[in-house]
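Here is the structure we will look at, set down as structure tokens.
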């Protein structure tokens, strides 16, 4: 007659997760140290936000290319959208590199 109470692992909170992957070209880059310096603003600016995961996802050992992925998670899809839009808007001002590709993907 009465429904049984749900245990914590049976109850799921709604969450929205999306990512943006950005590919860069670093013209004239001569060392991995220089590459890290030219892209360090990404982690400095966005890596402190607890709703974002920021990482170099490809081309880590290639001097003139880099690919970084930003994964955003929040309880509201609008918050995730704002976070990723801010990254896409600000990335050119933060790094000394040319953006050659930007791909956004909704995960959940």
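FYI, it's all coordinate maths here, none of it is from the lab. Note that the structure is predicted; figures quoted are calculated from it, not measured. Please note: Cβ atoms are built from the backbone with ideal geometry, for glycine as well, and neighbour counts cover all protein chains shown.
Relative to the longest principal Cα axis of the chain, at what angle does helix 77-94 sit, 0 to 90 degrees, rounded to 10? Approximately 10 degrees, to the nearest 10. Can you grab the distance from the C-alpha centre of segment 58-84 to the C-alpha centre of segment 11-44, Å, no decimals? So the separation of the two Cα centres works out to 6 Å. Going by alpha carbons, how many degrees (0 to 90, nearest 10) lie between the helix axis of 32-46 and the longest principal axis of the chain? Between helix and principal axis, roughly 30 degrees. Applying 0.36 nm per residue to the separation of residue 57 and residue 21 and subtracting their alpha-carbon distance, the gain on full extension is 12.1 nm.
Calculate for the chain the 222 nm mean residue ellipticity that helices alone would give, adding -39,500 (n - 2.57) per DSSP H run of length 4 or more and normalising by residue count, nearest 500 deg cm²/dmol. Helix contribution divided over all residues of the chain: -10000 deg cm²/dmol.
Protection proxy ranking, highest mean first, for peptides 15-22, 85-92: 15-22, 85-92, where packing is the per-residue count of other beta-carbon atoms within 10 Å, averaged. Globularity index of segment 39-84 is 1.29 (Cα radius of gyration / 2.2 N^0.38 Å, N = number of residues).
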